[in-house]
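Following: one structure in structure tokens, then a few remarks.
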Amino acid sequence: MAKFSEKIGYALGDAAAGGITWKVMSIAFPLFFTNIFGLTVADTATLMLVARLFDVVTDPIMGALADRTQSKWGTYRPWLIFGAIPLGLVFALLLYTPDLGPVGKRIYAYSMYLLMMAVYTAVNVPYGSLLGVMTADDNEKNEFSSYRMVGAYAMGFVTLLSFPYLQKMVGGTPAHQYAVLGVILGALAALGTLACGLLTKERLKPIRAEKFSFKPFADLFRNKPWIILTLIGICTNFFNGFRYAVAGYLLEYCLHGNVTVSGLIINYTVFMTFGEVTCMIFGGLSPAFTKWVGSKRKAFNWAAIICAVTSIAFFFIPMDPKYIWLMIAMVILTSIGIGFYSPLLWSMYADVADYATEKNGTSSTGLIFSSGTMAQKFGSAISGALVALLLGIAGFVSGTDATGQTVVTITNEPAVQRMIWMLFSLFPAAIALLIVVLMRFYPIKK
């Protein structure tokens, strides 16, 4: 039976990766790259697409490499212990805007973003794989997954809620604010990752193949639960990715800037914070909800239906700041569904890893969990790239002029506003309905 301190330690891993680095990358980066850093919409979309094609290769390689690691710290923990500082450092560099021209900025952004993806993979794939070797008890796996999601959403809540106030405290230009916050948040991410590596334990030994083989890669594509769950994982991150990537544009161009209510500054990070705290609460309730409905598959299905219905409802809210609390209420309701299914996804990957071990005779836990990380990054990046691309088609133009200054032009304001509203509501709703369809084909009935 794992100690409470170990569950907290495991939660700190996703508090660092999911609650700080990935949350900022998902929510702030599209707007940061176009409106502050000075990339064009096309460059922003291409950057995210290239990075994800890079991840398609590096994630499974990292999974296989992690599976074969042997050290006095275990199989997966050393990657967290020694990857913590590089993760925080590269994240800080990524939020720095160099004083360069358009070409120099493009090179810097691509280099740092690809490096960030590589470091994130080297830490997050082994982190996810830890769940498969910390306990053999299915209920305890659900508990660890729940702690993980609570940690991610709790830190996401703190990060997003404090963001505008920290910017105000730092002062100066937006570029200076993001650079300073990059250092602060990068240091916190490094500490959380290191604490996770030191506080957790690996109780189970992976059943290793005697020598390296490409067979585990081939076995994945004969593993029906893995195929279906990976498609579902991509969809969940498409769902989140559209909403996170477009939130900044929604506040800026549909509601015409930050909304202040009773002294509370509601910018795009605070707007999404209400969802974070809801996800934290209902992520903690996910194991109880799963027991109540009878299985992980049924619980996931109901959670996706909640997300679809509430996302469609958001589309019909008037595009007016006076309806801000109705918008926030719908974000909260949508986040109930997200909170329920988020812990389930990682617990289900552990089930798929157990299924693969029984079927093939050797462990491929790291490889299977790497597909979960790959789905996370692929879904978030493709959705972020599509947001940039579709906004560009609607009439949003950004770039850097000859003096190095960022320039943003809206050529068709109604079309841009309508596209933003749909990207936050109808596009995610369609993805949630696709999850419901895919779940019908998922064969593990735990």
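Specify whether the C-alpha gyration tensor of region 83-170 places it in the rounded, prolate or oblate class, a ≥ b ≥ c being the square roots of the eigenvalues: rounded for a/c under 1.5, otherwise prolate if a/b is larger than b/c and oblate if not. Oblate shape, in that a/c is at least 1.5 and b/c is the bigger or equal ratio.
For the chain, relative contact order (Cα pairs under 8 Å, six or more residues apart, normalised by length) works out to 30 percent. Sorting His256, His176 by accessible area puts them as His256, His176; the probe is 1.4 Å, largest comes first, and only protein heavy atoms count.
Is region 234-283 rounded, prolate or oblate when judged by the Cα gyration tensor, a ≥ b ≥ c being the square roots of its eigenvalues, rounded requiring a/c under 1.5 and prolate requiring a/b larger than b/c? Judged from the Cα gyration tensor, region 234-283 comes out oblate (a/c at least 1.5, b/c at or above a/b).
Hey, got the dipole for the chain? About the Cα centre, +1 on K and R Cβ, -1 on D and E Cβ, debye to the nearest 20? Don't jump to the answer; show the numbers that get you there.
Numbers: 32 positive and 22 negative charges, 215 e Å.
It comes to approximately 1040 debye.
For Val103 and Met319, a Förster radius of 25 Å and the Cβ-Cβ distance give a FRET efficiency of 0.10, rounded to the nearest 0.05. Compute the Cα gyration tensor for region 1-59, then decide on rounded, prolate or oblate, letting a ≥ b ≥ c be the square roots of its eigenvalues: rounded whenever a/c is under 1.5, prolate when a/b is larger than b/c in the other cases, and oblate in all that remain. Here region 1-59 falls in the oblate category.
For the Cα trace of the chain, dividing Rg by the Kirkwood Rh returns an Rg/Rh value of 0.96.
Taking Ile328, Ile85, Ile184 in turn, the Gaussian network model of the chain (Cα-Cα springs below 10 Å) assigns the largest fluctuation to Ile184. For an R0 of 35 angstrom, estimate the FRET efficiency from the Cβ-Cβ distance between Ile184 and Ile410 and round to the nearest 0.05. Using R0 = 35 Å, I get an efficiency of 0.60. Summed over the residues of the chain and divided among them, the accessible surface reaches 38 Å² per residue at a probe radius of 1.4 Å. Length gained on full extension, Val293 to Arg68: 77.2 nm, using 0.36 nm per residue less the C-alpha separation.
Quick one: with all protein chains in place, what share of the accessible area of region 212-329 is carbon or sulfur, to the nearest percent (1.4 Å probe)? List each step's numbers first, then the result.
On the way: 3390 of 4840 Å².
Roughly 70 percent, rounded to a whole number.
Between Phe4 and Leu426, the distance separating the two model label sites (each 7 Å from Cα on the Cα→Cβ line) works out to 5.0 nm. Stretching the chain fully between Val397 and Asn258 yields a gain of 47.9 nm (0.36 nm per residue, less the alpha carbon separation).
The values are calculated or read from the model by the stated rules, or taken from the named source; none is laboratory data. In this text, all values refer to a predicted model and were calculated from it rather than measured experimentally. Note that each Cβ is placed from the backbone with ideal geometry, even for glycine, and that neighbours are counted across all protein chains shown. For accessibility, only protein heavy atoms count, side chains too; no ligands or nucleic acids. Shrake-Rupley method; radii C 1.70, N 1.55, O 1.52, S 1.80 Å.
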